[in-house]
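A.B. asks: Have a look at this one before I ask anything.
The values are calculated or read from the model by the stated rules, or taken from the named source; none is laboratory data. Note that the coordinates shown come from a computational prediction; the quantities given were computed from them, not determined experimentally. All Cβ positions, glycine included, derive from the backbone under ideal geometry; neighbour counts span all protein chains shown. Side chains included, ligands, DNA and RNA excluded: accessible areas come from the protein's heavy atoms. Shrake-Rupley method; radii C 1.70, N 1.55, O 1.52, S 1.80 Å.
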Amino acid sequence: MIEFGAIILGLGLLGRFAGRFRLSPIPLYLLAGLAFGEGGLLPLGTSEGFVAIGAEIGVILLLLMLGLEYTASDLVSNLRTQYPAGLVDAALNALPGAAMALLLGWGPVAAVVLAGVTWISSSGVIAKVLGDLGRLGNRETPVVLSILVLEDLSMAVYLPILTALLAGTSLAAGSVTLAVALGTAGLVLLVAVRYGRHISRFVSSDDPEKLLLVVLGLTLLVAGLAQQLQVSAAVGAFLVGIALSGEVAEGAHSLLAPLRDLFAAVFFVFFGLHTDPASIPPVLLPALALALVTALTKIATGYWAARRAGVSAKGRWRAGGTLVARGEFSIVIAGLAVTAGIEPSLGPLATAYVLILVIVGPLTARWTEPVAMWVTDRLRGPMPAGPGEGGAASETSRSAPLAHEALDEQSAADRA
């Protein structure tokens, strides 16, 4: 009780400190786990088992709350209209992680794991950044959200494949396991899309206590069954969130948000507990190199997707910079590999990588567009004015960007 109480109190203080500077608390939670874990300043002695259970619940609640943000119709429409952006995102951002694992000699299974770590952006960090910067009504924001939705949906396929690979089964057994996993995920998704209203009606209650117990119990039950069928518990929770809609989703979101914040913080601490701080310096240079490359590929992904949607140049750069942050999903994927004992250095590399990009991500979201436009203006140089047209040309060059920005703002207002 003393240890766990001290952990929760410390996390609360760290969260307040991060909020004062408008930063994500995730890196501070990871650092706290490093301080109290193996090889840390003050290793925990008695509460680690309870923290482990809390961490499992944290992953489930993170994915449930993410699923509550979307409806089944959103899911289908995003798959139909934005799948090219999802394919580009996967190619540009998963391949660097796989290549790094192979260069380090970690083998193909670790390559699949690290590909997932570098592929998935942090929905939680990005949602917070968009709100803090006042960009929720911008023209590029639907593009960013569509890419995040596609990444989340890809987990329904990626995690079962990863689970089968980490289990180390034979090719035949692995194929059967994978088929069962994908079939289960597809069945749950079909039920969520076709019978989501009936599920919402069954769960619905005017009493907050009953609604909380039914939603939480249903989520844990489906997550446990999914895990038994070789589908990740996180995917099961995500699909439960997709199935709930309307007032039920809104009520469940408000009731479960404090629980999610509590257990998600415990999850990040748990991941740090199992990473020896002394193992991070040897992998720091690969983590920095991987962070630099995948930051650039995420910016390129957002720029291409926004350009395809007809967004202006400034909005394209804003979309790219917003997608850089990695966070909870990367840690979840790395945590599965660490638990399976695939590669000892994988956990430290993922921790260092996420720490770098969860700090850099809000900065790229804020500064990518002004820096890119400044560089573009420098490369173009001053526009020459014709005879007798200096004043008019100068006035026109000043007024054109203003008019363009006014159109962007008007479009954003119309969307809002």
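A.B. asks: Cβ-Cβ under 8 Å, sequence separation 6+ or interchain: first residue in segment 339-357 and under 13 Å from Val283 (Cα atoms) and open to solvent by less than 40 Å² (accessible area, probe 1.4 Å), partner part of a loop (DSSP other than H, G, I, E, B) and among the hydroxyl-bearing types (Ser, Thr, Tyr). Which pairs?
C.D. replies: From segment 339-357, the pairs are Gly347/Thr275; Pro348/Thr275; Thr351/Thr275.
A.B. asks: Turning to a different aspect of this structure: Yes or no: Gly105 under 20 Å from Ala291 (Cα atoms), open to solvent by less than 10 Å² (accessible area, probe 1.4 Å) and of a type outside the set (A, V, I, L, M)?
C.D. replies: Against the criterion (under 20 Å from Ala291 (Cα atoms), open to solvent by less than 10 Å² (accessible area, probe 1.4 Å) and of a type outside the set (A, V, I, L, M)), Gly105 does not qualify.
A.B. asks: (1) at pLDDT below 85; (2) surrounded by fewer than 12 Cβ atoms within 10 Å (Cβ to Cβ): which one isn't true of Pro362, the others all being true?
C.D. replies: Just one mismatch for Pro362, condition (2).
A.B. asks: So Arg135 passes all but one of these: (1) assigned to a helix (DSSP H, G or I); (2) farther than 22 Å from Ala237 by Cβ. Which condition number does it fail?
C.D. replies: With respect to (1) assigned to a helix (DSSP H, G or I); (2) farther than 22 Å from Ala237 by Cβ, Arg135 is out only on (1).
A.B. asks: In addition: Report yes if some residue within segment 207-220 is assigned to a loop (DSSP other than H, G, I, E, B) and not hydroxyl-bearing (Ser, Thr, Tyr); otherwise report no.
C.D. replies: yes
A.B. asks: What's the number of the condition Arg20 fails, among (1) at pLDDT 75 or above; (2) over 21 Å from the mean Cα position of the chain (by Cα); (3) buried (at least 22 other Cβ atoms within 10 Å of the Cβ)?
C.D. replies: That leaves (3) as the condition not met.
A.B. asks: Further question on the same structure: Based on this model, can you work out whether Val176 counts as modelled with pLDDT under 80 and over 29 Å from Arg308 (Cβ atoms)?
C.D. replies: Yes, satisfied.
A.B. asks: Could you check segment 55-102 and list, in sequence order, the residues that are acidic (Asp, Glu), open to solvent by 50 Å² or more (accessible area, probe 1.4 Å) and either closer than 18 Å to Tyr303 by Cβ or modelled with pLDDT of 75 or more (or both)?
C.D. replies: Once the filter is applied, which keeps residues that are acidic (Asp, Glu), open to solvent by 50 Å² or more (accessible area, probe 1.4 Å) and either closer than 18 Å to Tyr303 by Cβ or modelled with pLDDT of 75 or more (or both), segment 55-102 yields only Glu56.
A.B. asks: Still on this structure, please answer the following. Could you tell me which residue of segment 224-252 is most open to solvent (accessible area, probe 1.4 Å), considering only residues that are farther than 20 Å from Tyr195 by Cα, in contact with a helix residue (DSSP H, G or I) (Cβ under 8 Å, 6 or more places away or on another chain) and not aliphatic (A, V, I, L, M)?
C.D. replies: My answer is Gln227.
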